[in-house]
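Peer 1: Dropping a structure here in structure tokens format, bear with me for questions.
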Amino acid sequence: EAKTESLSDPHYFDYYLMDKLLERVQIEKKLPKALAESEFELHYQPKIDLSTGALTGLEALIRWNDPTEGRISPASFIPIAEDSGFIVELGEWVLWEACWTNKKWQDAGYPKLPVSVNVSAVQFRHPQFVRTVETVLEQTGLAPEYLELEVTESLLNDPVLIKDRLDSLKNRGISLSIDDFGTGYSSIYYLKELPLQVLKIDRTFIENTPSSPRDNSLLQSIIQLGKSLGLTVLAEGVETKEQFDFLRQNECDQIQGFYYSRPVDKAAVEEMLKSSSSSAS
Ligand code: C2E
Ligand code: MG
Ligand code: MG
Ligand code: MG
């Protein structure tokens, strides 16, 4: 039924908040059923080496195909799954699916690449997290050097708890990336002390490059910071040739972005792997 939604209506914000709340509650209720009914799928976005142009890895990104609503964006349901705690179960599925798929690709003879999995702070802090990763690797048979975990800066605010956990993952050969770098706040001390391998610069730092001189020099500084810390530096959200060229000239190591490829489904990854192996041989 029609509601009066106008800023002059004193109840406008009540309606607005109520709608948002109902939407959250509905999504929260639908998540477990969606998992049980296989409505989730992983797409993969390639990572490219800027000096050689070679494919260096694939990031797994979750997609929800809801039978009535169509595709629901992870930006809307991941925060809800984090709040409700369901992310622990959903994240375990993502880990399993990504490792299993990567192992299948390797067994089929495609070039071997690491797969990256995004891990929420809630999931990472779960006491069983390291055990879950080990179990998934054992059950799928994927070698640990072909798994990378992407965590965000917010996690680093808890260095005492996470140092041990990061160390044990690293000691098992799993690589760790810091995602969306520059949007949270991490102390340079922790970036130096924690066992991280890749710094992924958030796309907001790439978006105005190279037209904004101020953003250009900021981006150059972040690349240098990452390199000084001994990390591989990757730029996210590269959409244009100008951005690509700027990053290459400024010695960024890797990129991801629509300029090279959007996240694509499994079949498209296989096509990509076929052509990358034929051009390499
Ligand atoms: P993220 O990990 O930083 O992933 C990058 C996001 O930027 C993806 O959005 C990707 O599609 C998008 N992107 C890539 N290249 C470009 C570009 O050139 N331009 C623009 N405008 N966007 C680009 P997506 O797939 O919607 O995912 C959004 C966020 O949701 C992810 O950000 C990540 O934080 C979260 N997410 C996705 N899948 C998972 C998952 O399996 N587990 C967890 N915990 N979080 C996930
Ligand atoms: Mg990511
Ligand atoms: Mg990111
Ligand atoms: Mg991001």
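Peer 1: Return only the number of the condition from (1) of a type outside the set (Val, Ile, Thr); (2) within 16 Å of ligand 4 (Cβ to nearest atom); (3) part of a helix (DSSP H, G or I) that Phe246 does not satisfy.
Peer 2: (2)
Peer 1: Would you confirm whether or not segment 43-58 contains a residue that is away from ligand 4 (no atom under 16 Å from the Cβ), exposed (fewer than 15 other Cβ atoms within 10 Å of the Cβ), under 15 Å from the mean Cα position of the chain (by Cα) and not basic (Lys, Arg)?
Peer 2: No: zero hits.
Peer 1: Sort through Thr101, Thr135 and tell me the only one that's assigned to a helix (DSSP H, G or I), free of Cβ contacts under 8 Å to residues at least 12 places away in the same chain and more than 15 Å from Arg165 (Cβ to Cβ). Can you show your working first?
Peer 2: Working: Thr101 fails: free of Cβ contacts under 8 Å to residues at least 12 places away in the same chain.
Checking each option against the conditions leaves just Thr135.
Peer 1: Can you name the residue in segment 173-199 that is aliphatic (A, V, I, L, M) and part of a loop (DSSP other than H, G, I, E, B) and is also farthest from ligand 1 (Cβ to nearest atom) among such residues? Steps first, please.
Peer 2: Of all residues in segment 173-199, those aliphatic (A, V, I, L, M) come to 174, 176, 178, 188, 191, 194, 196, 198-199.
Next, from what is left, pick out any that are part of a loop (DSSP other than H, G, I, E, B): 174, 194, 196.
Numbers: Ile174: 16, Leu194: 19, Leu196: 15 Å.
Step by step, filter segment 173-199, then rank; the result is Leu194.
Peer 1: Which residues, counting only those in segment 152-164, are surrounded by 17 or more Cβ atoms within 10 Å (Cβ to Cβ) and either more than 16 Å from ligand 1 (Cβ to nearest atom) or of a type outside the set (Asp, Glu) (or both)? First the steps, then the outcome.
Peer 2: Within segment 152-164, the first condition is being surrounded by 17 or more Cβ atoms within 10 Å (Cβ to Cβ), and the residues that meet it are 152-153, 155-156, 162.
Listed by number, the residues that qualify are Thr152, Leu155, Leu156, Ile162.
Peer 1: Do you know which residues across segment 103-148 are within 16 Å of ligand 4 (Cβ to nearest atom) and of a type in the set (A, V, I, L, M)? Let's see the steps before the verdict.
Peer 2: Just the residues of segment 103-148 that are within 16 Å of ligand 4 (Cβ to nearest atom), to begin with: 116-121, 148.
Within segment 103-148, Val117, Val119, Ala121 meet the criteria.
Peer 1: Looking at Tyr259 and the list (1) more than 16 Å from ligand 2 (Cβ to nearest atom); (2) in a helix (DSSP H, G or I); (3) surrounded by fewer than 20 Cβ atoms within 10 Å (Cβ to Cβ), which single condition is not satisfied?
Peer 2: Failed condition: (2).
Peer 1: What single numbered condition from (1) under 25 Å from Thr101 (Cβ atoms); (2) of a type in the set (Asp, Glu); (3) touching an Asp or Glu at 6+ places or on another chain (Cβ under 7 Å) fails to hold for Asp202?
Peer 2: (1)
Peer 1: What is the residue count in segment 148-175 for residues that are within 25 Å of Asn102 (Cα to Cα) and within 14 Å of ligand 3 (Cβ to nearest atom)? Spell out how you get there, then give the answer.
Peer 2: Taking segment 148-175 as the starting set, the residues that turn out to be within 25 Å of Asn102 (Cα to Cα) are 148-152, 165-175.
Filter once more, so that each one left must be within 14 Å of ligand 3 (Cβ to nearest atom): 148-152.
Residues in segment 148-175 being within 25 Å of Asn102 (Cα to Cα) and within 14 Å of ligand 3 (Cβ to nearest atom): 5 in total.
Quick note: the coordinates plus some simple rules give every number you see, no bench work behind them. Only a predicted model underlies this, so the values are computations on that prediction, with no experimental measurement involved. Methodologically, a virtual Cβ is constructed for each residue, glycine included, from the backbone with ideal geometry; neighbour enumeration extends over all protein chains shown.
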